[in-house]
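Heads up: the structure comes next, in structure tokens.
Computed from the coordinates by the stated procedures, all read-outs in this text should not be read as laboratory data. Here the structure is a predicted model, which is why all the values come from computation and not from measurement. All Cβ positions, even for glycine, are placed from backbone atoms using ideal geometry, and neighbour counts span all protein chains on display.
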Amino acid sequence: MSEDIYIVAIVALLPLCALILTFQVNPYHALILRGILGAVAALVYAVLGGADVALTEALVGTMLAITLYAVAGRSSLV
């Protein structure tokens with residue numbers, strides 16, 4: 001029963017992070033929040049037993065997206 005409380009708390013972070021992300025003005029703050037959102041999603045997948053999906057989300061969904069957004073954001077500031 002106590003495991004269910006942890007899952008609910010972790011899943012509640014997803015819409016909270018997404019809501020905070022939509023109101024960010026600074027692109028670097030949005031980039032950090034996007035990384036947190038991807039990490040929380042990977043954690044949810046891992047807790048629910050989808051280790052392969054969690055690994056894919058962590059590597060592709062989070063790391064690749066952050067890298068591409070950072071490169072695009074940096075090149076647009078030049």
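Assorted remarks:
- Index of the failed condition, residue 42 passing every other in (1) in contact with an Asp or Glu (Cβ under 6 Å, 6 or more places away or on another chain); (2) surrounded by fewer than 16 Cβ atoms within 10 Å (Cβ to Cβ); (3) of a type in the set (A, V, I, L, M, F, W, C): (2)
- Test: residue 14 is in a helix (DSSP H, G or I) and surrounded by 12 or more Cβ atoms within 10 Å (Cβ to Cβ): yes
- Residues that are within 13 Å of the chain's Cα centre (by Cα), more than 14 Å from residue 10 (Cβ to Cβ) and in contact (Cβ under 8 Å) with a residue 12 or more places away in the chain, drawn from the stretch 28-62: 31, 33, 34, 35, 55, 58, 61, 62
- Residue count, the stretch 14-27 (criterion: in contact (Cβ under 8 Å) with a residue 12 or more places away in the chain and of a type in the set (A, V, I, L, M)): 4
- Per-region count, the stretch 21-37, residues of a type in the set (Phe, Trp, Tyr) and in a helix (DSSP H, G or I): 1
- Which listed residue, of 31, 19, 68, is surrounded by 11 or more Cβ atoms within 10 Å (Cβ to Cβ) and out of contact with any strand residue (DSSP E or B) (no Cβ under 8 Å at 6 or more places or on another chain): 31
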